[in-house]
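Let me begin by presenting the structure, written as structure tokens, before commenting on it.
The values are calculated or read from the model by the stated rules, or taken from the named source; none is laboratory data. These numbers were taken from a predicted model, which means no experiment stands behind them. All Cβ positions, even for glycine, are placed from backbone atoms using ideal geometry, and neighbour counts span all protein chains on display.
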Amino acid sequence: MADPVCTAKHLHHVCIAVVDIRDTVKFYQDTFGIGKVDIQEVTDQKVLAALVKIGGTELEFIQATDPTTGVARFVEQRGEGMHHICFEVDHLADRLKAMEAKGISLIDKAPRKGLAGMIAFLHPRSTRGVLIELVDSPAH
């Protein structure tokens, strides 16, 4: 087996795209007993978003605030559902350079601020059809 380009430390979160984030949060609170949820507006991504801690991982809910965004198109075309998975990695900027050198298509060529910290997305055409987000470990 070849050395990996990027070693995932753990699954950080699974993201679910929704039509109504407040209604979705209420469903998860009533059904699964999750506690208080902080819904934030991520203006540069044009979404309302919330990270919900469940055991050692998190769920993220996102709702488009602009009908022209990728999240809005995703929900319109596919309905509500899993949008992406996120892995925590060390040295995100270095990992992105290594991935690009190996021919992996990047949506973000450099880390940027996201709800979970410094993040970057990999294009699904290079990841077997799954949108993958990477988040830098807190120590980096």
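Per-structure values
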| quantity | calculated |
| --- | --- |
| Residue tally, condition at pLDDT 95 or above, under 22 Å from Asp20 (Cβ atoms) and assigned to a loop (DSSP other than H, G, I, E, B), over segment 71-123 | 2 |
| Segment 33-43: number of residues that are without any contact (Cβ under 8 Å) to a residue 40 or more places away in the chain and closer than 26 Å to Ala72 by Cβ | 6 |
| Per-region count, segment 34-70, residues of a type in the set (Lys, Arg) and either surrounded by 13 or more Cβ atoms within 10 Å (Cβ to Cβ) or at pLDDT 95 or above (or both) | 1 |
| Close pairs (9 angstrom Cβ cut-off, 6 or more residues apart or separate chains): of a type in the set (Lys, Arg) in segment 66-94, surrounded by 12 or more Cβ atoms within 10 Å (Cβ to Cβ) anywhere | Arg73/Ala64; Arg78/Ala17 |
| Qualifying residue in segment 31-48 (condition: part of a loop (DSSP other than H, G, I, E, B), touching a helix residue (DSSP H, G or I) at 6+ places or on another chain (Cβ under 9 Å) and basic (Lys, Arg)) | yes |
| Selection within segment 93-119 - more than 16 Å from Gln45 (Cα to Cα) and in contact with a helix residue (DSSP H, G or I) (Cβ under 6 Å, 6 or more places away or on another chain) | Ile104, Ser105, Leu106 |
